[in-house]
Amino acid sequence: MNTLMDKITFNGTESTKLVVINLLKHVSQSIALPILGILVFLALWSTAANNIDTSLGKFPGPGAVAEQVVNLYQEHRAERIKAEKFYQRQEERNAKRLAQDPNYQPKIRPYTGKETFWDQIITSLITVMSGFLLAAIIAIPLGIAVGLSRSLNTAINPIIQIFKPVSPLAWLPLVTMVVSALYVSDDPMFAKSFVNSLITVTLCCLWPMVINTSIGVSSIDEDWVNVSKVLQLPALKHIQKIVLPASIPAIFTGMRLSLGIAWMVLIAAEMLAQNPGLGKFVWDEFQNGSSQSLSRIMTAVLVIGLIGFLLDRSMLSIQSLLSWNKQTDLR
Amino acid sequence: MKSFLEISHIDMVFETPKGPFTALKSVDLKINKGEFISLIGHSGCGKSTVLNIVAGLLKATMGGVIINDKEVTTPGPERAVVFQNHSLLPWLTAYQNVELAVKQVFHKTKSKAEIRDWIEHNLKLVHMDHAMHKRPDEISGGMKQRVGIARALSMQPEVLLMDEPFGALDALTRAHMQDSLMEIQDELKNTVIMITHDVDEAVLLSDRIVMMTNGPAATIGEIQEVNLARPRNRVALSNDPEYNEIRSNVLTFLYEKQRKIETITGKQSTLDETEIKEQIA
């Protein structure tokens, strides 16, 4: 009996050992290798940066970027404190006037300080998400209709194929002119610059989403369509119960593609049109031409990359949450 | 006597880039209520086309199908189909797959509780009640096919159409499924048209075996009555002289009269009896 117990505990420790070894292997594979990659990149970057001289000083290395991250954060804090003080002063002033004259209509003016790096990030994110959502609202129903109807597909396909390769930046001047001509209101809900960027983003999101959705819809397993026919599902129920779930993987492929493109295009559009956002930050710093400019731009570059990566990851997690097809390789 | 289901003079011509292709030529068949019919023939002979025409998924070029004095024009739940590859919706559980059908067919006539009971009853019938909340990718091929059958049965069809329902299953699972199907059939006495490649399956399950000639212009070659007593037991039948005679009749039809020669290129060509004899000589 004792020997048996010994054996069991021996086996027990042995198997825990195995588990630990496997875990270590896994950790080293999934964490150590990426860290190694990043370290090598940092080393190459800083060596290269040291050897490049520009008219604005040395090319920024990792150290300079880290410094700017702190700087930008402090600038943001300082600006926020300024804004708070401004509003406080305004409130006090209004309260005083109101005490003297009860009929006084207090004026509340927004703070018009410089937009910080953080503000620009938020602006860009809001713009890209709104443009993307607007595109999804148009493109997914359109894609489903095109996927279901062969004649609609034949009718629309040439238009899609021609507009698809057009860089949305080419649209930008036209969009700007049309928006300033048509979007006239005394109290606009959105700034014109925001509407310009949004439409540009929408234009570039539209095509990949329409195409992928329609391909997904038109390549639904014929058996499932036959099931729907045998059950005599009405058109709307057919779309809701069969078409939509069946094409979720394809729809999400299109959405991820277009969100990636949209983020890239938005930055360029902001640079070109001087619309608020990360692109404007980069352009302003470039025009500024101070000794810090390059390292600030480099910081922005890294932040843009990081945000693009996070956007893609979040789409991926929404996809794996919604998709029935767990076998699709989620990369 | 007037028959329940009549396949009347069906021709099927497909338009191909190389011109019209006649798949079926004057297919005629009368089926009585509660009869179990097997369609057997070599691949490509148009068995599935016949089934799809009865289902209403294809429209015959000439002729038509009449069920209960009504002509078939569209697909419908009164002619439920069990597809070869189960065709369950992978994003729904077994229960939800059957529910989709039951809700569509009975949403006006059954209450919520009745609908739930009816779904569970049908899943029980195919012995799938233990796994009814699993998704298709979590269950085996045989189980998927069981759910597919439950879905078809739950529509209470006038005719149950089965397109090689067990073709994708291994031999042991297939035998189980055949036994299950016989059990269900004893209880429900459905009218069934089943396509099969398997001679033993055809003899074991059917009341009549309809043998089709090779295409193009395929038609019904012979019809073999199977008057073996039910319930049938596969082990007992294997020594039954009548069973063996029927079996050998079907085999003779398939492998001598309608022999199909596979050429080396993989293209299938069909030769009639005399040509085969010439070749051998």
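The values are calculated or read from the model by the stated rules, or taken from the named source; none is laboratory data. Not measured: the values here are computed from a predicted model. Note that each Cβ is placed from the backbone with ideal geometry, even for glycine, and that neighbours are counted across all protein chains shown.
Structure values in brief
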item: Subset of region B:46-64 (residues that are among the charged types (D, E, K, R) and in a helix (DSSP H, G or I)); result: B:Lys47
item: So A:Ile144, is it in the same structural domain as A:Ile220 (by TED's automatic domain parsing) and either within 30 Å of A:Glu285 (Cα to Cα) or among the polar types (S, T, N, Q) (or both); result: no
item: Close pairs from region A:222-240: first closer than 23 Å to A:Ile140 by Cα, partner assigned to a helix (DSSP H, G or I) and basic (Lys, Arg), Cβ under 8 Å, at least 6 apart; result: A:Ser228/A:Lys241; A:Leu233/A:Lys241
item: Members of region B:188-237 that are part of a helix (DSSP H, G or I) and either of a type in the set (Phe, Trp, Tyr) or touching a residue at least 24 places away in the same chain (Cβ under 8 Å) (or both); result: B:Leu188, B:Val199, B:Asp200, B:Glu201, B:Ala202, B:Val203, B:Leu204, B:Leu205, B:Arg234, B:Leu237
item: Cβ-Cβ under 8 Å pairs, at least 6 apart or on other chains, region A:257-273 side touching a residue at least 12 places away in the same chain (Cβ under 8 Å), far side surrounded by fewer than 24 Cβ atoms within 10 Å (Cβ to Cβ) and not in a helix (DSSP H, G or I); result: A:Val265/A:Ser167; A:Glu270/A:Pro276
item: Selected residue (criterion: nearest to the other protein chains (Cβ to nearest Cβ)) from residues of region B:57-107 that are polar (S, T, N, Q) and buried (at least 22 other Cβ atoms within 10 Å of the Cβ); result: B:Ser87
item: Count of region A:182-206 residues which are in a helix (DSSP H, G or I) and out of contact with any helix residue (DSSP H, G or I) (no Cβ under 8 Å at 6 or more places or on another chain); result: 1
item: Residues being part of a loop (DSSP other than H, G, I, E, B) and in contact with a strand residue (DSSP E or B) (Cβ under 6 Å, 6 or more places away or on another chain) - total across region B:5-33; result: 1
item: Per-region count, region B:108-152, residues in a loop (DSSP other than H, G, I, E, B), in contact (Cβ under 8 Å) with a residue 24 or more places away in the chain and more than 14 Å from every other protein chain (Cβ to nearest Cβ); result: 7
item: Selection from region A:208-227 of residues that are polar (S, T, N, Q) and away from chain B (no Cβ under 14 Å); result: A:Asn212, A:Thr213, A:Ser214, A:Ser218, A:Ser219
item: Of residues in region A:228-274 being within 19 Å of B:Pro75 (Cβ to Cβ) and charged (D, E, K, R), the one nearest to the other protein chains (Cβ to nearest Cβ); result: A:Lys229
